[in-house]
Amino acid sequence: MKKVYLILTSMVLMFSMQSNAQIIKAEIRATGLTCSMCSNAINKQLKSMAEVANVETDLNTNTFTVTLKEGNSLTPKVFKEKVEKAGFFIGSLIITLKTEIIKQEGYIEVNKASTSNAEVQIQILDKGYVTEKEFKKLSKSLHNVVTYTSNNEDDFHIKYIN
């Protein structure tokens, strides 16, 4: 009976650790925008998420800085879906997240960083998270990363920014 209790306790702890995993901030540079109404469509999609605390928009660079509420369990996939639902594409996605997430989630590091910080900034390099031109260039330089061209929606190839 004690073994069962220990196993159940371990499982609860393991799942509760994942629920603490969180993205703190996302910087999305969108492509295809031509006017402020385009920007407004993306803004509405991002603000519709319950996990979003604030969205700041820079119309000069078509960048949306999304600050998220603590304790969220979002993945980069959600931002891609929201931008595409508004009718646009992501040209660049830079996320600030807790370092331990990278080990727990489906993040695949293409450059190594010796970071001891609690938070880290990363760029998602997969198709749909960079421009088509950038993806072709990355495909050539990351040809030794077997999973890169497989387009698995749950794997996120990352490059450390800081």
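Leaving ligands, DNA and RNA out of it, work out the accessible area of Phe89 with a 1.4 Å probe and give it in Å² to the nearest 10.
We get 120 Å² for Phe89.
From the phi of every residue in region 89-102, what ³J(HN,Hα) in whole Hz does the Karplus formula 6.51 cos²θ - 1.76 cosθ + 1.60 yield, where θ is phi - 60° and glycine or proline is x?
10, 8, x, 6, 10, 10, 10, 9, 8, 6, 4, 5, 5, 4
Compute the distance in nm between two label points, each set 7 Å from the Cα along the Cα-to-Cβ direction, one at Glu100 and one at Thr31.
Label-label distance for Glu100 and Thr31, simple model: 3.7 nm.
Using a Förster distance of 25 Å, how high is the FRET efficiency between Asp154 and Lys112, based on the Cβ-Cβ distance and rounded to 0.05?
About 0.70, to the nearest 0.05.
Counting only protein heavy atoms and a 1.4 Å probe, tell me what percentage of the chain's accessible area is made up of carbon and sulfur.
Values: 5300 of 9640 Å².
C and S atoms contribute 55 percent here.
By how many degrees, 0 to 90 and rounded to 10, does the Cα axis of helix 76-85 deviate from the longest principal axis of the chain?
Roughly 30 degrees, rounded to the nearest 10.
Could you work out the helix-only [θ] at 222 nm for the chain, with each DSSP H run of four or more residues adding -39,500 (n - 2.57) and the total divided by the number of residues, to the nearest 500 deg cm²/dmol?
-10500 deg cm²/dmol
Find the eigenvalues of the gyration tensor of the Cα atoms of the chain, then list the square roots of 5 times those eigenvalues as equivalent ellipsoid semi-axes, largest first, in whole angstrom.
Semi-axes, largest first: 30, 21, 14 Å.
Could you check how many percent of all C-alpha pairs in region 67-128 are farther apart than 16 Å?
The answer is 50 percent, as a whole percent.
Any chance you could give the angle, 0 to 90 degrees and rounded to 10, that helix 132-141 forms with the longest Cα principal axis of the chain?
In the chain, helix 132-141 runs at an angle near 50 degrees to the longest axis.
Using a 1.4 angstrom probe, figure out how much accessible area the chain has per residue, in square angstrom, rounded to the nearest whole.
Accessible area per residue: 59 Å².
Take every DSSP beta bridge whose two residues both sit in region 15-152, then give the antiparallel share in percent to the nearest 5.
The answer is about 95 percent antiparallel.
Please determine, in degrees from 0 to 90 and to the nearest 10, the orientation of helix 36-47 with respect to the longest principal axis defined by the Cα atoms of the chain, where the helix direction is its Cα long axis.
Result, in degrees: 10.
The values are calculated or read from the model by the stated rules, or taken from the named source; none is laboratory data. Computed from a predicted model, the values in this text were never measured in an experiment. Virtual Cβ from ideal backbone geometry, glycine too; neighbours counted across all protein chains shown. The area values use the complete protein model at the heavy-atom level, side chains included, leaving out ligands, DNA and RNA. Shrake-Rupley method; radii C 1.70, N 1.55, O 1.52, S 1.80 Å.
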